[in-house]
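Taking it in order: structure first as structure tokens, then the write-up.
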Amino acid sequence: MEAVEHSPNTPLEYQTETGRLNILGFWIFLGAEIALFSTLFATYLVLVGRTADGPGPAELFEISGVLIETFLLLTSSFTCGLAIHYMRNHSLKGVFVWIGITLALGLGFLGFEIYEFVHYIHEGAALTTSAYWSAFFVLVGTHGAHVTLGIGWIILILIQLKQRGLTPDTSRKVFISSLYWHFLDVVWIFIFTAVYLYGMVM
Amino acid sequence: MRLDEFFVTGDPLIYGADVSIALTLIGAIFALTYFKKWKWLWSEWLTTVDHKKLGIMYIIAAVLMLFRGGVDAMLMRAQLTVPDAGFLDAKHYNEIFTTHGTIMIIFMAMPFLIGLINVVVPLQIGARDVAYPFLNAVSFWTFFMGAMLFNISFVIGGSPSAGWTSYVPLAGLELSPGVGQNYYLLGLQIAGIGTLLTGINFLVTILKMRVPSMKLMQMPIFTWSSLITMVIIIFAFPVLTVALALMTFDRLFGSHFFTMMDGGMPMLWANLFWIWGHPEVYIVILPAFGMFSEIISTFARKTIFGYKAMVYSMVIIAGLSFLVWVHHFFTMGAGGAVNSFFSITTMLIAVPTGVKIFNWLFTLYKGRIRFTTAMLWALAFIPNFVIGGVTGVMLAMAAADYQYHNTYFLVAHFHYVLISGTVYACFAGLYFWYPKMFNHRLNERLGKWSFWIFVAGFNLCFFPMYFLGLAGMPRRVYTYGVADGWMSMNVLATFGGLLMGIGFLILVYNIYYSFRYSPRETTGDPWDARTLEWSTPAPVPHYNFAHLPEAKGHDAFWIMKEEIKQGKKPEKKPYKPIHMPSYSGVPVVMSVFFFIAGFGMVFSWNWMSILGLIGVLATMVIRSFDYDKGFYVSVEEIEEHEKTT
Amino acid sequence: MASNNEQTNSHSHFPWSHVVGFGLSIVLTLLALWIGFYSGFSLTTIMVIVVGLALVQATIQLLMFMHITESEDSTVQVGTILYAVFIAVAVVAGTIWVMSFGMHYM
Ligand code: HEM
Ligand SMILES: [Cu+2]
């Protein structure tokens with residue numbers, strides 16, 4: 001299983017059979033996640049406009065907050081990519097620095113999102129207000145929950161990196177979590193487009 | 001909450017169930033203690049990551065669920081035999097058809113097939129285990145705990161009663177205020193996690209763990225059918241996950257996805273449910289197709305006819321199965337264009353299915369057929385499934401469906417495809433692969449008795465239902481009047497149902513009988529079969545293959561045997577140590593926490609759900625820090641094994 | 001494996017593809033914003049364009065950040081994502097189409 005058959009250029013995370021299998025499996029998991037989020041998007045888009053007596057999105061969405069969230073997440077995706085770049089240059093320090101920045105940006109994103117949610121609830125738009133807001137909170141909230149889980153997971157991996165340094169195992173974990181993180185940015189692009197932009201332009 | 005609200009009370013049937021559950025539990029605990037088997041249970045089974053053992057556990061659980069679902073069915077038939085019967089009241093009847101449908105599809109058909117896939121597929125592709133053995137155990141245990149959660153509903157808190165399709169508003173909070181519907185939502189949710197993981201696991205296993213010499217187009221058809229099934233699982237189950245979660249939010253947290261008020265859309269539930277639901281019916285039929293292909297080819301002593309056509313038709317089915325879901329609610333009135341589109345795609349999907357039927361027939365043509373029990377099931381499948389398929393095409397015509405929808409015609413259709421497809425396949429596969437799992441065959445004479453009785457009973461039970469449907473009998477009614485004129489056919493159906501029950505009991509007896517009296521296997525190839533799983537010795541060592549076999553075609557083992565007949569000597573190669581994964585107790589513990597969390601949510605006991613979820617997370621963290629690398633089976637141990645077999 | 005992609009061999013090079021990808025993502029986001037608010041197109045046109053832009057940006061992430069094509073299993077990886085996109089389109093477009101009848105009753 002752990003047979004080593006690779007060129008010296010092969011990144012650590014691809015060097016073991018387990019590494020290759022897990023990375024492939026994770027891509028397939030991301031395929032399933034796409035199906036999951038598309039169901040949420042479908043639900044959201046069908047329920048757009050069904051605001052009952054509550055406020056509509058155009059009344060509450062604010063472009064500045066959304067843009068800040070977008071750029072925080074976008075930048076974190078970039079820094080996460082840099083972390084992998086440094087990992088492939090065998091720079092443990094680089095990995096720590098850039099993942100640290102990624103996590104900070106992720107936390108910032110979460111902070112703004114929580115603030116945004118609380119704000120909406122104050123304005124009378126909660127999960128229970130109408131079908132529209134149910135769909136909004138569950139779609140955007142599922143993404144937020146993914147980000148939260150991702151942060152927790154990456155912290156666990158950082159601890160293991162600290163304990164073990166860059167090995168095929170730890171690099172595999174870092175790499176897979178980076179795929180997850182980029183994927184969350186991809187989902188956000190669609191939330192930005194189909195929820196916020198659409199909601200404000202409508 | 002008062003205790004008599006917590007436990008379901010007031011029904012003698014349920015008291016009976018309480019007593020029998022308690023007795024079984026006590027009996028099991030007593031036996032395990034008396035024979036000092038606790039440690040064995042834990043270290044050999046509960047912590048196993050061996051795909052063969054997990055497969056066996058899946059199958060045992062599925063047979064138990066078949067029993068439970070079968071009892072439900074018998075109760076329904078008893079109530080419907082004569083008009084105005086008073087055996088079950090409306091509420092009780094609703095609960096029973098709900099648990100029957102849910103259990104049969106989610107907790108019987110799928111696990112039975114996944115169990116057989118677990119046992120067979122790694123062996124068929126010459127692998128020593130699956131890609132992710134640990135996750136495989138998580139899959140089994142989440143399925144099992146989900147099933148248990150669903151099943152305890154009838155003694156604790158009350159069963160769901162809105163049908164396995166759980167349409168809102170009936171399944172909503174106003175019309176189903178009890179906890180029963182919560183059991184449905186959480187039981188399926190937890191089991192669904194396991195199914196998704198199985199999908200990823202076996203997809204990667206089939207793609208990456210084959211012996212290097214086996215090309216994609218040399219995989220046995222059963223492996224191909226499993227591959228396609230896994231693809232469907234991976235993309236269909238997340239839809240179910242979301243649909244269930246949204247209804248859970250509606251019921252527990254007051255959201256408005258499917259409610260009648262505040263902008264909710266009840267029919268959106270039906271839409272999401274069937275986006276998963278139709279692919280689901282292909283999830284349970286494709287592995288069945290695969291098994292029949294293996295069995296027919298083995299006992300016709302011919303290679304499968306039209307291998308490529310078989311593969312491509314399954315690929316097409318996988319794509320189309322996501323484009324037909326609206327045929328389940330033509331009567332919603334989505335409009336002419338929508339109904340026509342989905343009507344056409346539905347009819348299209350019958351084409352690849354038909355191609356497969358012809359391939360089986362041509363495989364049989366001029367074969368030297370051996371009528372074993374497994375083969376009999378496969379032979380009975382073909383005509384019976386055609387009946388189900390043809391009536392499916394009748395239902396696919398949107399305009400005509402307004403007449404058939406929600407009548408016994410529909411009930412007859414899906415039982416014809418599900419029983420003569422999936423259930424026959426489970427039985428056929430059980431007879432066929434039983435010697436691989438348990439090292440002895442099932443008795444053929446008993447097997448044939450059970451086959452004939454079951455098949456006769458099945459047709460007697462469900463064929464009249466087509467006519468009941470045409471005569472206007474709606475599905476899901478708990479009784480009817482004398483004037484309706486439906487009695488004679490209902491009597492026939494009940495009689496058929498009884499025969500099916502007897503057939504099943506004979507099968508169960510056969511398991512006991514064969515355990516006692518069947519001669520043990522010596523060769524590992526009792527059927528003179530064709531694919532690689534039969535090249536392993538009996539019993540199969542835990543590492544499966546001492547040497548990785550070589551595949552030169554999709555009948556790889558047959559080719560090997562031919563070569564030996566032509567005088568090729570198997571060369572003696574030295575053994576090498578084999579790497580195997582370690583057992584782990586984490587999956588079962590994690591799943592117990594899932595159960596706790598689910599149970600807490602069913603009753604909205606937040607402390608309990610939070611406790612359960614913390615437990616789940618904690619086990620995940622433990623797993624994350626676990627750097628166990630497995631172990632090596634030494635050459636001495638391999639030699640020891642290979643000598644005895 | 002690993003021979004077909006400069007990412008994998010990019011020891012100590014400047015991470016150009018990341019920087020370019022990042023730049024493009026920012027540009028695409030701002031472009032979408034501009035089209036949404038200032039272009040004056042009809043809602044349908046706007047949505048078609050911005051969804052298109054989102055798809056482009058997702059592709060950039062997949063290729064330049066996630067290196068979907070770099071491993072020996074890239075065919076399977078790309079195939080999975082393409083199939084997932086097919087499912088996503090079927091689910092989203094299909095659901096909207098099927099459920100749109102509801103609009104008449106609002
Ligand atoms: C030849 C291909 C098939 C066609 C054209 C077909 C067509 C249909 C149609 C149109 C319906 C909806 C009827 C209604 O509700 O009025 C239906 C229901 C159903 N079909 Fe099929 N079907 C086919 C094969 C299968 C297979 C292979 C299975 C499963 C193994 C299956 C299982 C079911 C089930 C479970 C239902 C009813 C679910 C419910 O409402 O509770 N069908 N089929
Ligand atoms: Cu269907």
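The values are calculated or read from the model by the stated rules, or taken from the named source; none is laboratory data. Just so you know, these numbers come straight off a predicted model, no measurement behind them. Positions of Cβ are backbone-derived with ideal geometry, glycine not excepted, and every protein chain shown enters the neighbour counts. Ligands, DNA and RNA are stripped out before the accessible areas are found, and what is left, the full protein with its side chains, is counted by its heavy atoms. Shrake-Rupley method; radii C 1.70, N 1.55, O 1.52, S 1.80 Å.
With contacts taken as Cα pairs under 8 Å at a separation of at least 6 residues, region B:52-178 carries a relative contact order of 36 percent. For chain B, find the longest principal axis of its Cα atoms and tell me its angle to the long axis of helix B:635-644, 0 to 90°, nearest 10. Around 80 degrees separate the two axes.
Please state the charge dipole magnitude for chain A, taken about the Cα centre, from unit charges on C-beta atoms (+1 on K and R, -1 on D and E), reported in debye and rounded to the nearest 20. Write out the running numbers ahead of the final one.
Working: 8 positive and 14 negative charges, 121 e Å.
About 580 debye.
Relative to the first principal axis of the alpha-carbon coordinates of chain B, what is the inclination of helix B:307-320, with its axis defined by its Cα atoms, in degrees from 0 to 90 and to the nearest 10? With both axes taken from Cα atoms, the answer is about 30 degrees. The stretch between B:K573 and B:A337, if pulled fully straight at 0.36 nm per residue, gains 78.4 nm over its current Cα-Cα span.
Of the residues B:P177, C:G52, B:F112, the one whose Cα sits farthest towards the positive end of the charge dipole of the protein assembly as shown is B:F112 (charges of +1 on Lys and Arg Cβ, -1 on Asp and Glu Cβ, taken about the Cα centre).
Taking the accessible area of the protein assembly as shown, probe 1.4 Å, and keeping the other protein chains in place, the carbon and sulfur fraction comes to 71%.
How big a patch of accessible area, both sides summed and in Å² to the nearest 100, lies buried between B and A at a 1.4 Å probe?
Rounded to the nearest hundred, the buried surface is 3100 Å².
Identify, among B:V351, B:M265, B:G335, the residue whose Cα sits farthest towards the positive end of the charge dipole of the protein assembly as shown, taking +1 on the Cβ of Lys and Arg and -1 on the Cβ of Asp and Glu, with the dipole about the Cα centre. Of B:V351, B:M265, B:G335, it is B:V351.
In Å², rounded to the nearest 100, what is the total accessible surface buried by chains C and A against each other with a 1.4 Å probe?
On the way: alone 8180 and 10170 Å², together 13920 Å².
Chains C and A together bury approximately 4400 Å².
Selection among A:H85, A:A145, A:I68 by position relative to the dipole of chain A gives A:H85 as farthest towards the positive end (Cβ unit charges, Cα centre). This model, with +1 at the C-beta of Lys and Arg and -1 at the C-beta of Asp and Glu, gives chain B a dipole about its Cα centre of some 2040 debye. Looking at region B:341-439, which chymotrypsin sites (Phe, Trp or Tyr not before Pro) are DSSP coil and have at most 15 other C-beta atoms within 10 Å of their C-beta? Answer by residue number: B:Y365, B:F371. From its DSSP helices (H runs of at least four residues, each -39,500 (n - 2.57)), chain A gives a residue-normalised ellipticity at 222 nm of -26500 deg cm²/dmol.
Among A:G100, A:G19, A:G152, the residue with the largest mean-square fluctuation in a Gaussian network model of chain A, with springs joining Cα atoms closer than 10 Å, is A:G152.
Average accessible surface for region A:90-202: 34 Å² per residue, computed with a 1.4 Å probe over protein heavy atoms with every protein chain in place. Relative to the longest principal axis of the Cα atoms of chain B, the long axis of helix B:180-208 lies at roughly 30 degrees. Taking amide H as placed 1.01 Å from N in the peptide plane, the amide H of B:F7 sits under 5 Å from that of B:G157, each at least 5 places away or on another chain.
Pairs of Cα atoms nearer than 8 Å and 6+ residues apart set the relative contact order; for chain A it is 33 percent. For the protein assembly as shown, the dipole from Cβ point charges (+1 on Lys and Arg, -1 on Asp and Glu) about the Cα centre works out to 2820 debye, to the nearest 20. The alpha-carbon atoms of the protein assembly as shown define a convex hull whose volume equals 171 cubic angstrom per residue.
Taking region B:140-170 and a reference point 7 angstrom along Cα→Cβ of B:M261, no backbone N atom is nearer than 12 Å. If the elastic network links every pair of Cα atoms under 10 Å, which of A:L92, A:L105, A:L72 fluctuates the most in the Gaussian network model of chain A? Result for chain A, Cα springs under 10 Å: A:L92 fluctuates most. Both chains summed, the buried accessible area for B and C stands near 1600 Å², from protein heavy atoms and a 1.4 Å probe.
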